[in-house]
Amino acid sequence: MTSLGVADSPDRARRGVALVFVLNGLCFASLVSRLPDLRADLTLSNGGLGLLLLSIAAGSLVALPSSGWLIDRWSASIVVRAGAVLVAAGLTVAAAGTELVSSVPVAALGLFVNGVGTGVWDVAMNVEGAAVERSLGRSILPRFHAAWSGGSILGACIGVPVNALDVPLVVHLGAVGVLSAAASSWASAGFLPARPEHAGASGLAAWREPRTLAIGLMVLAFALTEGVANDWLALALIDGYGAPDWLGVAGFALFVTSMTTGRVAGTALLDRFGRVRVLLTTATAAVVGLLLVVYGGHPALVVVGVVVWGLGASLGFPVGMSAAADDPGRAAARVSVVATMGYVAFLGGPPLVGFVGDRVGTLSALLVVAVVVVPSALAIPAARQPVDARA
């Protein structure tokens, strides 16, 4: 085993993990902020855009099952770097396919590559985050996910003037991808060395564990809550309330700001009230906020709804990662399983909303989230922290 030195200290690893979370969120939100352009430039309906977004889901779901094996073989650091390069290439190809040649297949290919990179990058940074959490002896994964939300805020805020100024897609997404890949390579150099416990855990066995699957089901519901807002909130405000494009993107920025606030403040609430009570409360908040967005009508109520929805969506995914990592000997395999289940909803749910939106309208289609979140509350008790866990 490699001993910890200055180059791979827990504090440096913590900073590196936080930065790669920021960059991952930045890349994702940069793409989301240009979805209205993809829809317009490729002359797609909501259903057509939803089908195009399935390319991202397909790429991630192809890559996710092998992510744990890749991390065990090459380390989280190398997988993060490879994922970031794939994201940069995918964003550039998708932008060129949309803007330069107006080709749906080329754009879909780029989004597929982006999905592969996003999937392996996400699992690797969560596995590394769990390792850092154990090394520091305190719960910090929600803070890492707050860093991801911070990157999303940055991407959304950049997206507002970029949309207003009609900056070319290739320039915007290409620059974000290349800079993020370079920064991720530098940040991941300080990750912790691989531990023997990671290599010994069987991913297939984790897929047969009832508690792991229950946590994954819970994360699936919360990931849908977050993913639908990321992909469709701006468009729902534009289509449902006649908001201009820049105001729709601003609504998305408000959502991710609210979600980030929940993740920053959530650590203290989790320590005081426990995972189960906090998650039940946030699930309720997500549904209430969603209903206000859809049925509020008045701008003030819609704004409140966006904020409450963001707070409600804030903790489910990171707490699910923490719960999956409670046993350090099986953390890598279980985090990979839970992340895979979450991505099924995070990436597959938004296209479903697109198809529903073609029939009932973009705004009303958001109600798909409530249909899934309400029954998922039955799985929340599986995330209860074991009495002998440290985090």
Worksheet entry | Total residues in the range 242-285, condition β-branched (Val, Ile, Thr) and either closer than 18 Å to residue 321 by Cα or in contact with a His (Cβ under 6 Å, 6 or more places away or on another chain) (or both) | 6
Worksheet item: Do we have any residue at all in the range 359-370 that's of a type in the set (Lys, Arg), within 30 Å of residue 67 (Cβ to Cβ) and more than 21 Å from the chain's Cα centre (by Cα)?
Response: no
Fill in: Matching entry among 64, 70, 54 (being touching a residue at least 60 places away in the same chain (Cβ under 8 Å) and under 21 Å from residue 17 (Cβ atoms))
64
Worksheet item: If you take the residues of the range 270-298 that are assigned to a loop (DSSP other than H, G, I, E, B) and among the small types (Gly, Ala, Ser), which of them is surrounded by the fewest Cβ atoms within 10 Å (Cβ to Cβ)?
Response: 297
Practice prompt. Would you mind stating whether residue 372 is assigned to a helix (DSSP H, G or I) and either within 12 Å of residue 220 (Cβ to Cβ) or touching a Ser or Thr at 6+ places or on another chain (Cβ under 8 Å) (or both)?
Written response: yes
Practice prompt. Answer yes if at least one residue in the range 350-371 is at positive phi and in contact (Cβ under 8 Å) with a residue 40 or more places away in the chain, and no otherwise.
Written response: yes
Worksheet item: Can you tell which of 89, 63, 18, 96 is under 17 Å from the mean Cα position of the chain (by Cα), at pLDDT 90 or above, aliphatic (A, V, I, L, M) and more than 19 Å from residue 230 (Cα to Cα)?
Response: 18
Worksheet entry | Given (1) charged (D, E, K, R); (2) more than 15 Å from residue 350 (Cβ to Cβ); (3) part of a helix (DSSP H, G or I), number of the condition residue 231 does not satisfy | (2)
Worksheet, complete the sentence: Within the range 66-78, the count of residues that are of a type outside the set (Gly, Ala, Ser) and within 17 Å of the chain's Cα centre (by Cα) comes to 0
Item to complete: All but one of (1) surrounded by fewer than 23 Cβ atoms within 10 Å (Cβ to Cβ); (2) over 27 Å from residue 255 (Cβ atoms); (3) at pLDDT 90 or above hold for residue 108, so report the exception by its number.
Response: (2)
Practice prompt. Please determine, by comparing only the residues of the range 302-311 that are within 13 Å of residue 251 (Cα to Cα) and among the hydrophobic types (A, V, I, L, M, F, W, C), which one is surrounded by the most Cβ atoms within 10 Å (Cβ to Cβ).
Written response: 309
Practice prompt. Kindly indicate the residue of the range 147-169 that is more than 15 Å from the chain's Cα centre (by Cα) and buried (at least 20 other Cβ atoms within 10 Å of the Cβ) and also farthest from residue 233 (Cα to Cα) among those meeting that condition.
Written response: 169
Practice prompt. Check residue 220 against each of (1) under 19 Å from the mean Cα position of the chain (by Cα); (2) hydrophobic (A, V, I, L, M, F, W, C); (3) surrounded by fewer than 17 Cβ atoms within 10 Å (Cβ to Cβ) and name the one condition it does not meet.
Written response: (3)
Worksheet item: Out of all the residues in the range 129-147, is one or more farther than 27 Å from residue 253 by Cβ, in contact with a Leu (Cβ under 6 Å, 6 or more places away or on another chain), modelled with pLDDT under 90 and not acidic (Asp, Glu)?
Response: yes
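The values are calculated or read from the model by the stated rules, or taken from the named source; none is laboratory data. Just so we're clear, the structure is a prediction, and the values are computed from it rather than from any experiment. When we count neighbours, we look across all protein chains shown, and the Cβ atoms used for this are built from the backbone with ideal geometry, even at glycine.
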